Amino acid sequence: MKRVFTIPRRGVSSGPVLFLWQSMSGNFLVLTGLDQVLNIYDRHGEKQHELSLPGICSGMSWDKDGQILSIICEHSNTLLLWDSNTRTVSHVDSGLRDPMTLIVWSKSAPLLAVGTIKGNLLIYSYRTSKKISILGKHNKQITYGAWSQQNYLALVASDKTFTLSNADGDTMFRTTLKGEPSHVQFSSMKQDAPGGGETTVSLILNKKALFLLNIHDPEDPIVLSFQEKYGSVVDYYWHGEGYILLGFSSGFFIVLSTLLKEIGQEMCHVQCFKNNLSYMAFCASEKKVIGCGDDNKVKTYDIRNLQEMLHMITIDDEQYIDGIQWSDDGQLLALAGSEGNLHVYLTKLPVLGSVCSQKLAHLSSLYEVSIYSARKKVIDEILFLVLHFLKS
């Protein structure tokens, strides 16, 4: 893992940093702070675009193809939609009169769900510009939400309520949860029929328990609690055929199976950090997980063998890590530091090389090509300021 660039605090603004990689390609890194300016950088650390926001950003989300970035701001009822192809921004009046608190794109259609502080919901079609407003979907602030591949929408609110809706916003199921909900996701349990789509909603209750609900049998959810020694759930990810990886504040990673006869049994557990785990990120394509903990340490593991650590680095110029984002292709990892800087690390290189006579050239970093000779070891290293083929 090698640092490729740093965006210093002065390029981010003071206060906490909100940042997000472009979905799919990861060609853009979007970040904003308290200065009400959204900066868009390419994967080489060069600023490509800047947007003035009508307020402090309260949420942003890329559509499934990474073409449209949607942004909501405090004290504004306008949706901002930035097109990464044309580099233009559209302003859409949401029609909502209370502050927007949640924004999330569908996984399979150009549909955008927006939740508000009073529990109202907007479903916006980017293709047709149609807006569906649902007042009183929840009684209090909508805090987390997720779409399924089949365009079901799961939402939770600060009043501990859960709703499952269709793409038109019609409520299909509603219940009150026994704890504060967070981290809503859709996937499929191991015993679900193949090809049946994402039929399971998962979420965390009170940062201590995992809640699993089958949308075809919502009256009988499964709630899994964990040992006290693990502490609070930091985050979790579905992977493989119905497995769940969870990270805990005490520094543990554990893997659960959702096969009914194995429910509640730990398939694997390992303490990756001695004192604490603060953030984690998972790359499905690489089957790897990265954890940040013990203040400023970053560790990489293969999900198929958590007992062996692949890499570890210490961010010496930061007291602690304040956020982490991994690009979908697994090539670049962005870390927010305690000093307000944003560091980007190379975690994987594309395999590029060529042979001529007795010489071999291959890409050894984002800006470097190493040349080898059959007669001697490295004979030259060429540093490039721009690698055009990597930018495309």
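The values are calculated or read from the model by the stated rules, or taken from the named source; none is laboratory data. What you see is a predicted model, and the numbers here were worked out from it, not measured in a lab. Quick reminder, even Gly has a Cβ in these numbers, built from the backbone with ideal geometry, and neighbours come from all protein chains shown.
Filtered by the rule that a residue be farther than 23 Å from Ser23 by Cα, in a loop (DSSP other than H, G, I, E, B) and not aromatic (Phe, Trp, Tyr), the stretch 243-286 gives Ser249, Ser250, Gly251, Thr258, Leu259, Ile263, Gly264, Gln265, Cys272, Lys274, Asn275, Asn276.
From the list Ser133, Ser158, Ser187, Ser182, pick out the single residue that is touching a residue at least 40 places away in the same chain (Cβ under 8 Å) and small (Gly, Ala, Ser).
On the way: Ser133 fails: touching a residue at least 40 places away in the same chain (Cβ under 8 Å); Ser158 fails: touching a residue at least 40 places away in the same chain (Cβ under 8 Å); Ser182 fails: touching a residue at least 40 places away in the same chain (Cβ under 8 Å).
Answer to the check: Ser187.
Identify, please: which residue in the stretch 305-356 is in a strand (DSSP E or B) and among the polar types (S, T, N, Q) and is, among those, modelled with the lowest pLDDT? Can you show your working first?
Residues of the stretch 305-356 in a strand (DSSP E or B): 305-314, 321-326, 332-337, 342-346, 353-356.
Those left that are additionally among the polar types (S, T, N, Q): 305, 307, 314, 325, 354.
Numbers: Asn305: 92, Gln307: 92, Thr314: 95, Gln325: 96, Ser354: 79.
Only one residue tops the list, namely Ser354.
Please verify whether the stretch 65-74 includes one or more residues that are assigned to a loop (DSSP other than H, G, I, E, B) and touching a residue at least 40 places away in the same chain (Cβ under 8 Å). Yes, because at least one residue in the stretch 65-74 is assigned to a loop (DSSP other than H, G, I, E, B) and touching a residue at least 40 places away in the same chain (Cβ under 8 Å).
Are any of the residues in the stretch 82-93 surrounded by 20 or more Cβ atoms within 10 Å (Cβ to Cβ), in a strand (DSSP E or B) and either of a type in the set (A, V, I, L, M) or touching a Lys or Arg at 6+ places or on another chain (Cβ under 7 Å) (or both)? No, the stretch 82-93 has no match at all.
Residues in the stretch 330-343 that are under 14 Å from Asp316 (Cα atoms) and either surrounded by 21 or more Cβ atoms within 10 Å (Cβ to Cβ) or in contact with a Leu (Cβ under 8 Å, 6 or more places away or on another chain) (or both): Leu335, Ala336, Leu342, His343.
Taken over the stretch 28-40, the criterion of being exposed (fewer than 15 other Cβ atoms within 10 Å of the Cβ) and within 22 Å of Leu112 (Cα to Cα) is satisfied by no residue. Count of the stretch 41-53 residues, restricted to those that are in a loop (DSSP other than H, G, I, E, B) and surrounded by fewer than 16 Cβ atoms within 10 Å (Cβ to Cβ), is 2. On the stretch given as the stretch 220-242, residues that are within 22 Å of Glu180 (Cα to Cα), in contact with a Leu (Cβ under 9 Å, 6 or more places away or on another chain) and part of a loop (DSSP other than H, G, I, E, B) total 4.
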